[in-house]
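Chemist: Right, I'll just put the structure down here and ask away after.
The values are calculated or read from the model by the stated rules, or taken from the named source; none is laboratory data. Only a predicted model underlies this, so the values are computations on that prediction, with no experimental measurement involved. When we count neighbours, we look across all protein chains shown, and the Cβ atoms used for this are built from the backbone with ideal geometry, even at glycine. When the accessible area is computed, the model is the full protein with side chains, heavy atoms only, and any ligands, DNA or RNA have been set aside. Shrake-Rupley method; radii C 1.70, N 1.55, O 1.52, S 1.80 Å.
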Amino acid sequence: MKIAVLGAGAIGAYVGAALHRGGADVHLIARGEHLRAIRAHGVRVNSPRGDFVARPNATDDPSQIGPVDYVFLGLKAHAYSSSGSLVAPLFGDRTAVVAGQNGIPWWYFHKLAGPYGGRQIEAVDPGGATSKVLPPERAIGCVVYPATVIEAPGVIRHLEGTRFSIGEPAGGTSDRCTALSEAMIAGGLKCPVEPNLRDDIWIKLMGNVAFNPISALTRATMVEICQHPPTRRLVAQLMEETLDIAARVGSTPDISIEKRLRGAEGVGHHKTSMLQDLEAGKQLELDAIVTAVVEMADISGAEAPTLRAVHAATDLLARRSTAGSGNGGAVQKAVLA
C-alpha cells in the first residue's frame with residue numbers, strides 16, 4: 001500500500017510515522033527545517049503510549065512520488081482548493097483522498113440521501129473549486145481525534161488519542177476503507193469504519209463550533225471556558241443550535257450536550273487550534289468550522305441566533321487578524337509549513 005501525506009505537520013507526520021511503522025509505503029510531503037530534519041533523522045514521536053522513530057520517505061516535490069493508493073491531507077481545509085498542483089501528480093485512476101480536517105468537509109452532501117443530496121457548500125467549496133481539485137468520488141471521510149503538536153522540526157509530541165474514524169460519503173463499508181483501516185491499526189492507531197460517518201462529524205463539530213471561536217475571541221483555554229458559568233451556558237446554546245441543524249440535514253449524533261461539555265472540560269488547559277492559529281498569525285480555520293454550519297442553517301431553515309452572532313464576531317476577528325499579512329499568497333508554503 002502506497003500512501004502520500006500532503007502537509008506532514010503535527011497530525012500528518014504522526015499518521016505517516018504510524019503507517020510506516022505498520023509496514024505501509026509512506027511518503028511525507030513537507031518543507032523547510034521540518035523536511036530537512038525528517039530526512040536526516042526520521043520522524044520522532046514522543047508519546048505517553050511509547051516513543052518511537054519512523055523513517056518514511058520525505059520530499060517537497062509530489063512529482064517525485066507519483067500515483068499512490070491514498071492521499072492523506074494534513075493541511076487546513078482553506079488550502080484544499082489551491083492544492084491542485086500538489087495533489088495532481090499523486091492521483092491514479094483509483095487514488096482515494098482522506099481529509100483529516102476539522103469541520104464540515106466539501107463532500108458533505110455528496111451521495112447523501114434526502115432533499116439536500118448533491119448540494120454544494122460555498123464556504124468550503126466556493127464555486128466548486130475544491131471539488132474540481134478533489135473530486136468527491138475520491139473522498140474517504142475522516143474524523144481526527146488525537147491531539148498532537150510539532151515540538152521541534154521532525155519531532156511530534158503526541159498528547160492524547162489514537163482514533164481516526166473513517167467512512168464512505170455514501171455510507172456503508174467498502175474495500176478501500178477496510179484496507180486503510182487495517183493499515184492504520186497495524187501502525188498502532190484506532191481506525192473504525194463508520195457506516196454513517198456524518199454523525200461522528202457532528203459529534204466533533206459540536207465542540208469545534210463552540211470552543212474554537214469562543215477561545216479565539218476570549219483567549220481562554222477549554223477548561224476556563226467550561227468553568228466560567230456564562231461561557232459554559234454560551235457553549236451549551238451553540239451545541240443545541242448545532243444539533244438542531246444536524247437533525248435538519250439528516251444526522252442524529254448520539255451524545256448529550258452535558259457529556260460533550262464534560263469531555264471538553266477534561267481536556268484541561270488546552271488551547272484550541274483556532275486560538276493557536278490566531279496567536280501564530282495564521283489564517284483561522286473559520287470557513288469549515290463555523291461559516292459552513294451557518295450556511296447549512298440557511299439551507300435547512302434553522303434560526304441559530306447564537307451561532308450567527310458568534311460567527312459575526314469571529315469573522316470580523318479573522319478579517320482584522322489577516323489584513324495586510326499576505327496570507328493569500330505562497331500557497332505551497334502555507335500547505336507544507
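Chemist: Rg to Rh for the stretch 23-100: what is it, with Cα atoms only and Rh by Kirkwood?
Modeler: Using only Cα positions, Rg/Rh for the stretch 23-100 is 0.98.
Chemist: Separate question: With unit charges on the beta carbons (Lys and Arg positive, Asp and Glu negative) and the dipole taken about the Cα centre of the stretch 163-294, which residue among Ile289, Leu238, His270 sits farthest to the positive side?
Modeler: His270
Chemist: Summing Lys, Arg as +1 and Asp, Glu as -1, what charge do residues with Cβ under 15 Å from the Cβ of Arg49 carry, Arg49 excluded?
Modeler: Every neighbour counted, the sum reads +3.
Chemist: Would you mind computing, in nm to one decimal, how far apart the modelled labels at Asn46 and Lys259 are, each placed 7 Å from Cα along Cα→Cβ?
Modeler: Result for the modelled spin labels: 3.5 nm.
Chemist: Also, I was wondering about something else. At 0.36 nm per residue, minus the direct Cα-Cα distance, what do Glu279 and Met1 gain on full extension? Give it in nm, one decimal, please.
Modeler: Residue separation times 0.36 nm, minus the Cα-Cα distance, leaves 96.3 nm.
Chemist: In whole Hz, what ³J(HN,Hα) sequence does the stretch 188-204 give by Karplus (6.51, -1.76, 1.60; θ = phi - 60°), x for Gly and Pro?
Modeler: x, 9, 8, 8, x, 8, 8, x, 9, 5, 4, 5, 5, 4, 5, 4, 5
Chemist: If you restrict to DSSP beta bridges whose two residues both lie in the stretch 96-234, what percentage is antiparallel, to the nearest 5?
Modeler: Just about 65 percent of them are antiparallel.
Chemist: Compute the acute angle (0 to 90°) between the alpha-carbon long axis of helix 175-186 and the principal axis of greatest extent of the alpha-carbon atoms of the chain; round to the nearest 10°.
Modeler: For 175-186 against the chain, the angle is about 80 degrees.
Chemist: Connecting C-alpha atoms closer than 10 Å in a GNM of the chain, tell me which of Asp93, Asp25, Asp61 has the biggest fluctuation.
Modeler: It is Asp93.
Chemist: Moving to a separate point now. Students often check this: by mean Cβ neighbours within 10 Å, which of 117-123, 254-260 ranks highest, and how do the rest follow?
Modeler: On the way: 117-123: 16.1, 254-260: 12.7.
Per-residue mean Cβ counts within 10 Å order the peptides as 117-123, 254-260.
Chemist: Please give the net charge around Arg260, taking every other residue with its beta carbon less than 15 angstrom from that of Arg260, where Lys and Arg add +1 and Asp and Glu add -1.
Modeler: Neighbourhood net charge equals -3.
Chemist: So what's the back-of-envelope 222 nm ellipticity for the chain, counting only DSSP H runs of four-plus at -39500 (n - 2.57) apiece and dividing by all residues, rounded to 500?
Modeler: Working: 13 runs with 142 residues, N = 337.
The per-residue figure over the chain is -12500 deg cm²/dmol.
Chemist: How far is helix 257-267 tilted, in degrees, relative to the longest principal axis of the Cα atoms in the chain, given as a value from 0 to 90 rounded to the nearest 10?
Modeler: 50
Chemist: What do you get for Rg/Rh of the chain when both radii come from the Cα atoms and Rh is the Kirkwood radius?
Modeler: 0.94
Chemist: Another question about this same structure. When ligands, DNA and RNA are left out and all protein chains stay put, how many square angstrom of accessible area per residue does the chain have with a 1.4 Å probe?
Modeler: Details: 13970 Å² over 337 residues.
Dividing the accessible area of the chain by its residue count gives 41 Å².
Chemist: Here is the link list: Lys76/Lys282; Lys76/Lys259; Lys76/Lys111. Which ones come out longer than 21 Å on Cα distance?
Modeler: Over 21 Å apart, Cα to Cα: Lys76/Lys259; Lys76/Lys111.
Chemist: If you don't mind, there's one more thing I want to ask. Calculate, in nm to one decimal, what Tyr145 and Ala312 gain on full extension: separation in residues at 0.36 nm each, minus their alpha carbon distance. The partial results should precede the final answer.
Modeler: Working: separation 167, 0.36 × 167 = 60.12 nm, distance 2.74 nm.
Additional length available on full extension: 57.4 nm.
Chemist: Sticking with this one: Using Cα pairs closer than 8 Å and at least 6 residues apart in sequence, work out the relative contact order for the stretch 131-213, in percent.
Modeler: 26
Chemist: On to the next question. Using the basic label-point model (7 angstrom from Cα toward the beta carbon), what is the Val223 to Ala88 distance in nanometres?
Modeler: Those two pseudo-labels are separated by 4.9 nm.
Chemist: Give me the percent of the accessible area of the chain that comes from carbon and sulfur atoms, probe 1.4 Å, all protein chains in place.
Modeler: Working: 6830 of 13970 Å².
On the chain, the fraction of accessible area on carbon and sulfur atoms equals 49 percent.
Chemist: Also: Please express the shape of the stretch 52-146 as an equivalent ellipsoid: the semi-axes are the square roots of 5 times the eigenvalues of the C-alpha gyration tensor, given largest first in whole angstrom.
Modeler: Working: eigenvalues 124, 47, 32 Å².
Listed largest to smallest, the semi-axes of the stretch 52-146 are 25, 15, 13 Å.
Chemist: Could you check what % of the DSSP bridge pairs in the chain are antiparallel, to the nearest 5?
Modeler: Numbers: 12 of 36 bridges.
Percent antiparallel among DSSP bridges in the chain is about 35.
Chemist: Okay, next question. Taking every DSSP beta bridge that has both residues in the stretch 1-138, what percent is antiparallel when rounded to the nearest 5?
Modeler: Taking every DSSP beta bridge with both residues in the stretch 1-138, the antiparallel ones total about 15 percent.
Chemist: Additional query: At q = 0.10, 0.19, 0.23 Å⁻¹, what base-10 log of I(q)/I(0) does the Debye formula yield for the stretch 89-188 when every alpha carbon is treated as an equal point scatterer in vacuo?
Modeler: Log10 I(q)/I(0), no solvent term: -0.34, -1.07, -1.28.
Chemist: Roughly how big is the stretch 1-120's charge dipole about its Cα centre, with Cβ charges of +1 (Lys, Arg) and -1 (Asp, Glu), in debye to the nearest 20? Working shown, then result.
Modeler: On the way: 12 positive and 7 negative charges, 43 e Å.
Dipole size: approximately 200 debye.
Chemist: Between Ala247 and Arg119, what is the label-to-label distance in nm when each label sits 7 Å out along the Cα-to-Cβ direction?
Modeler: 1.7
Chemist: Compare Met184, Met222 by solvent-accessible area with a 1.4 Å probe and give them largest first, with all protein chains kept in place.
Modeler: Met222, Met184
Chemist: Can you compute log10 of I(q)/I(0) for the stretch 133-235 with the Debye formula, treating each Cα as one identical point scatterer, at q = 0.12, 0.14, 0.19 Å⁻¹?
Modeler: Debye output, listed in q order: -0.57, -0.74, -1.04.
Chemist: Rounded to the nearest 20 debye, what is the charge dipole size of the chain about its Cα centre when +1 sits on each Lys and Arg Cβ and -1 on each Asp and Glu Cβ?
Modeler: Dipole magnitude for the chain comes out near 680 debye.
Chemist: Same structure again: To the nearest 0.05, what FRET efficiency results for Ala129 and Thr322 with a Förster distance of 25 Å applied to their C-beta separation?
Modeler: Numbers: r = 19 Å, r/R0 = 0.77.
Given R0 = 25 Å and the Cβ-Cβ separation, E is 0.85.
Chemist: If you don't mind, another one. For helix 229-248, what angle does its Cα long axis make with the longest principal axis of the chain, in degrees from 0 to 90 and rounded to 10?
Modeler: Result, in degrees: 80.
Chemist: With a 10 Å cut-off between alpha carbons and a GNM built on the chain, which of Val209, Val98, Val249 moves the most?
Modeler: Most flexible of the set in this elastic network: Val249.
Chemist: Given the C-alpha centroids of the stretch 187-233 and the stretch 122-171, what is the distance between them in whole angstrom?
Modeler: Each part reduced to its Cα centre gives a spacing of 15 Å.
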